[in-house]
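Report on the structure given below.
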Amino acid sequence: MVVEYIDYENCSDCTLCFEVCPMDVFRLLNNRMAYIAYQSDCMCCYLCEITCREDAVFVNPKRGQPIPLPY
Amino acid sequence: MICEKKIAKRRIEADVLVIGGGLAGLMAAIRAKAFVPRVVLVDKAKVSKSGCSPFAAGIYNAVFPEDDPDLWMREVIESGDFLADQEWVKLQAEIGFTVVKLMDEWSQQSGLPIFEKDDQGTFQRRKSRGHVHSSHCIINALPMMEVMRRKAAAEGVQIIERVMITELLMADGTALGAAGFNCRTGQIMQLLARTVILAAGGCSFKSIFVGHKNLTGDVQAAALRAGAVFKSMEQANSNTCYRGFDIHGMNLMVNVGGRFLNGQDEEFMWRYNPKLGNRALLPELVLAFCHEVKEGRGPIYLDVTSAKPEDRQLCRKILPGTFRAWDRSGIDPFQTKVEWVPAFGGTRGTSGGVEVDTQTHTSIANVFAAGDTSAVAPASAGLGGIPLAYASVSGYRAGEAAGQLAAASPDVSRDVPGWEELASRFISPILKTKGILPDKFIHDLQSRLFPYDVCYLKTRPRLVKALAELNELKHKVSELWAPDIHQLVKANEAMNMVLIAEVFLRSSLFREESRSYHFREDYPLQDNKNWLKWVIVKMEDSQFKLTARDIPTPYCRPTEEYSRPKGIRVAN
């Protein structure tokens, strides 16, 4: 789940999602097109989605890694 | 030598090196620039989007001219059960508003709002978690961080991003800089400086809670290995969070009428804190949650259904990510109660860390620390808005002290003996062809640390058992395998987290009483007679040395020898 997809029909190749991600989950293809390379490391902070000017990134809030709960 | 063959190196020189680009680091870099020309700020991610500052949930606590500083100081000191450095609290009371005015000035210059104000331009101030005498401002975290980044850039701070610092470079007990690697290219970095400011946050162990999963205690671990003195490491912070996904904003939601219910629909917090109830401090909340669950009255819910329409709008404005998550999941917290759990926060927020004095100087020559990397000096145990205010004030102070010292110091830009051996250690996981992947290692660590009867309701046998299990895990550090550079970052994070976890457990074992976040079932009283002390930790020859040091109480002292700690029900 987490950062689920980039809508390439709308993506303008601005690479802002790649630049802002605190967990560094994106990589660039041909130094231009961002893709989701490390999806399970996404922490659902929405910065990529908030930053995207084309509304091309979609984040699902479900946790990417199973994290033990306190009880 | 292997590293020389495989990976390129880069050397950078500075007068002041700031490690960490959150609020503390940016403030430190901006302030240091007033004293020296070459200020370099390095961050593991994107400055202004890194660490926990961009995810601050909207509140900032400072003494305004109309406030009573003595009442504010008492509230801060008492909220942390007297663990505060009282001289620091006085300092923060004195200069906090100066820092607010500076940030407000930069905010107006950039046209981005940091502080919420009314129609007359007056700061909005409210009372939320723990506030009786003090009040907090409301801040917009993401614009705040953008303002700070722009200001640093305008002042000429050199910003280097996507570099993970793994070690302090030492010679004869003095720091000469730091070493690390680029998180995308693997390029090894040697950063040499006259003074170093550690401001890379604490260690949240990739726990639940939004925005904290790249806080893995990297610089705290580097400081520990370099011999820095640490303080109050048993005081692991905790916040609370929705069970299903990671969000923040509980403080604001309580402010607008949120209440905690147990499995019997009882608003139980009044049994633990008859004065504040749902607005109780974080240690009280998380320990009460654990006690309710242990006694069979779980689960715990947050009920915000009584919030007024205008407050619902405020919550949506200040907590955009939180409400995006709610909306996307089809859950409306204003319509239905939601399950709420403790979210272990480790050394992030009001908790332990590198010991600093009122100049933010650490025990290592030339090294300063600010924000969550340091042992947060007000130690206010979840009094809303204090950690963010401390980040900015300690950053301001660190920038000033480190800048002044650097201006008066000779240039030390020379290669540090042995630094390549250090680099070999931190790149070793990528040189393997098999081993334990970081995700598995980190999950194993979390499974040993996060159970509530280990990290919240502590006993000697359970802490000893957890330490033994952690020791087994520690022996597997050498087996960590990183198939690529991204995994190398996580492998190093894993190594750092296991070290910080050990200090937390050892410090918890050492403090034989209950105080603030630290609750011992086998020592369930706050013992002011024997334990009005800080737990001090230092690493010497790979061994931890723990001692207790008396806490000076020049302005405020506890009145009872023994008292009821937080998170225990009031007797009927």
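The values are calculated or read from the model by the stated rules, or taken from the named source; none is laboratory data. Since this is a predicted model, take the numbers as computed values, not measurements. In this analysis, Cβ positions are derived from the backbone assuming ideal geometry, glycine residues included, and neighbour counts consider all displayed protein chains.
In the set B:ILE197, B:ILE188, which member is of a type in the set (Val, Ile, Thr), within 16 Å of the chain's Cα centre (by Cα) and under 19 Å from B:GLU13 (Cα atoms)? Step through it out loud before you land on a result.
Working: B:ILE188 fails: within 16 Å of the chain's Cα centre (by Cα).
One residue alone meets the criteria, B:ILE197.
Could you say which residue among B:GLN124, B:GLN120, B:GLN109 is polar (S, T, N, Q) and modelled with pLDDT of 95 or more?
On the way: B:GLN124 fails: modelled with pLDDT of 95 or more; B:GLN120 fails: modelled with pLDDT of 95 or more.
The unique qualifying residue is B:GLN109.
Run down B:ILE442, B:ILE427 and say which single residue is in contact (Cβ under 8 Å) with a residue 24 or more places away in the chain and either more than 27 Å from the chain's Cα centre (by Cα) or within 14 Å of chain A (Cβ to nearest Cβ) (or both).
Working: B:ILE427 fails: either more than 27 Å from the chain's Cα centre (by Cα) or within 14 Å of chain A (Cβ to nearest Cβ) (or both).
Only one candidate passes the filter, namely B:ILE442.
Please tell me if B:ARG194 is more than 26 Å from B:PRO378 (Cα to Cα) and away from every other protein chain (no Cβ under 14 Å). Don't jump to the end; show me each part of the working.
Working: more than 26 Å from B:PRO378 (Cα to Cα): yes; away from every other protein chain (no Cβ under 14 Å): yes.
It is true that B:ARG194 is more than 26 Å from B:PRO378 (Cα to Cα) and away from every other protein chain (no Cβ under 14 Å).
List pairs: first in the stretch B:220-247 and closer than 27 Å to B:ALA548 by Cα, second of a type in the set (Asp, Glu), Cβ under 6 Å, 6+ apart or cross-chain?
From residues that are closer than 27 Å to B:ALA548 by Cα, the pairs are B:ALA222/B:GLU167; B:VAL229/B:GLU355; B:LYS231/B:GLU355.
Only one of (1) touching a Pro at 6+ places or on another chain (Cβ under 7 Å); (2) of a type in the set (D, E, K, R); (3) part of a helix (DSSP H, G or I) fails for B:LYS90. Which number is that?
Here B:LYS90 clears every test but (1).
Scan (1) of a type in the set (Gly, Ala, Ser); (2) assigned to a helix (DSSP H, G or I); (3) farther than 20 Å from B:ASP70 by Cα for the single condition B:GLY121 breaks and write down its number.
(2)
Say whether the condition of being touching a residue at least 12 places away in the same chain (Cβ under 8 Å), of a type in the set (A, V, I, L, M), out of contact with any strand residue (DSSP E or B) (no Cβ under 8 Å at 6 or more places or on another chain) and not in a loop (DSSP other than H, G, I, E, B) is met by at least one residue in the stretch B:291-309.
Looking for residues that are touching a residue at least 12 places away in the same chain (Cβ under 8 Å), of a type in the set (A, V, I, L, M), out of contact with any strand residue (DSSP E or B) (no Cβ under 8 Å at 6 or more places or on another chain) and not in a loop (DSSP other than H, G, I, E, B), one finds at least one in the stretch B:291-309, hence yes.
Out of the residues in the stretch B:161-174 meeting the condition of being crowded, with 19+ Cβ neighbours inside 10 Å and more than 14 Å from chain A (Cβ to nearest Cβ), tell me which one is nearest to B:ALA494 (Cα to Cα).
My answer is B:THR166.
Please specify each residue of the stretch B:261-272 satisfying the condition of being in contact with a strand residue (DSSP E or B) (Cβ under 6 Å, 6 or more places away or on another chain) and outside any loop (DSSP other than H, G, I, E, B). If you could, list the steps in order and put the result at the bottom.
Taking the stretch B:261-272 as the starting set, the residues that turn out to be in contact with a strand residue (DSSP E or B) (Cβ under 6 Å, 6 or more places away or on another chain) are B:261, B:267, B:269.
Of everything in the stretch B:261-272, those that are in contact with a strand residue (DSSP E or B) (Cβ under 6 Å, 6 or more places away or on another chain) and outside any loop (DSSP other than H, G, I, E, B) turn out to be B:LEU261, B:MET269.
If B:THR433 satisfies every condition in (1) surrounded by fewer than 20 Cβ atoms within 10 Å (Cβ to Cβ); (2) assigned to a helix (DSSP H, G or I); (3) away from chain A (no Cβ under 14 Å) but one, which is the exception?
Status for B:THR433: all satisfied but (2).
For the stretch B:56-87, give me each residue that is part of a helix (DSSP H, G or I), within 14 Å of B:SER135 (Cα to Cα) and touching a Cys at 6+ places or on another chain (Cβ under 6 Å).
B:ARG74
Which numbered condition trips up B:LEU449, out of (1) over 25 Å from A:MET23 (Cβ atoms); (2) at pLDDT 95 or above?
(1)
What is the number of the single condition among (1) at pLDDT 95 or above; (2) surrounded by fewer than 23 Cβ atoms within 10 Å (Cβ to Cβ) that B:GLY186 does not meet?
Looking at each condition in turn, B:GLY186 falls short on (1).
If A:ALA34 passes every condition in (1) more than 10 Å from the chain's Cα centre (by Cα); (2) crowded, with 20+ Cβ neighbours inside 10 Å but one, which one does it miss?
Failing condition for A:ALA34: (1).
Being without any contact (Cβ under 8 Å) to a residue 60 or more places away in the chain and assigned to a helix (DSSP H, G or I) is the requirement here; does A:GLU54 meet it?
Numbers: without any contact (Cβ under 8 Å) to a residue 60 or more places away in the chain: yes; assigned to a helix (DSSP H, G or I): no.
Answer is no for this residue.
Working only within the stretch A:11-31, note down all residues that are more than 8 Å from chain B (Cβ to nearest Cβ), within 10 Å of the chain's Cα centre (by Cα) and assigned to a loop (DSSP other than H, G, I, E, B).
The one that is more than 8 Å from chain B (Cβ to nearest Cβ), within 10 Å of the chain's Cα centre (by Cα) and assigned to a loop (DSSP other than H, G, I, E, B): A:VAL25.
Would the stretch A:40-49 turn up any residue that is assigned to a loop (DSSP other than H, G, I, E, B) and farther than 24 Å from B:TRP326 by Cβ?
no
Testing B:GLU420 on (1) closer than 30 Å to B:ASP357 by Cα; (2) acidic (Asp, Glu); (3) away from chain A (no Cβ under 14 Å); (4) part of a helix (DSSP H, G or I), one condition comes back false. Which one is that?
Of (1) closer than 30 Å to B:ASP357 by Cα; (2) acidic (Asp, Glu); (3) away from chain A (no Cβ under 14 Å); (4) part of a helix (DSSP H, G or I), only one is false for B:GLU420: (1).
Can you tell me which residue among B:ARG312, B:ARG324, B:ARG328, B:ARG348 is of a type in the set (Lys, Arg) and within 27 Å of B:GLY80 (Cα to Cα)?
Working: B:ARG312 fails: within 27 Å of B:GLY80 (Cα to Cα); B:ARG324 fails: within 27 Å of B:GLY80 (Cα to Cα); B:ARG328 fails: within 27 Å of B:GLY80 (Cα to Cα).
Exactly one residue qualifies, and that residue is B:ARG348.
Matching residues to (1) aliphatic (A, V, I, L, M); (2) within 30 Å of B:TYR60 (Cβ to Cβ); (3) surrounded by fewer than 24 Cβ atoms within 10 Å (Cβ to Cβ):
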| residue | (1), (2), (3) |
| --- | --- |
| B:ALA402 | yes, yes, no |
| B:LEU405 | yes, yes, yes |
| B:GLU420 | no, no, yes |
| B:ARG425 | no, no, yes |
| B:PRO429 | no, no, no |
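In the stretch B:306-364, which residue that is within 25 Å of B:ALA288 (Cβ to Cβ) and hydroxyl-bearing (Ser, Thr, Tyr) is farthest from the other protein chains (Cβ to nearest Cβ)?
Ranking the candidates gives B:SER306 first.
Give the stretch B:333-361 a look and list any residue that's small (Gly, Ala, Ser) and assigned to a strand (DSSP E or B), or say none. Even if it seems obvious, please write down each step before you answer.
Taking the stretch B:333-361 as the starting set, the residues that turn out to be small (Gly, Ala, Ser) are B:343, B:345-346, B:349, B:351-353.
Listed by number, the residues that qualify are B:ALA343, B:GLY345, B:GLY346, B:GLY353.
Of everything in the stretch B:205-228 that's in a loop (DSSP other than H, G, I, E, B), closer than 28 Å to B:ILE30 by Cα and in contact with a helix residue (DSSP H, G or I) (Cβ under 9 Å, 6 or more places away or on another chain), which residue is farthest from the other protein chains (Cβ to nearest Cβ)?
B:ALA228
Please find, among A:PRO70, A:PRO61, A:PRO66, the residue that is at pLDDT 95 or above, over 10 Å from the mean Cα position of the chain (by Cα) and facing chain B (nearest Cβ under 10 Å). Quick ask: steps written out before the conclusion?
Numbers: A:PRO61 fails: at pLDDT 95 or above; A:PRO66 fails: at pLDDT 95 or above.
Only one candidate passes the filter, namely A:PRO70.
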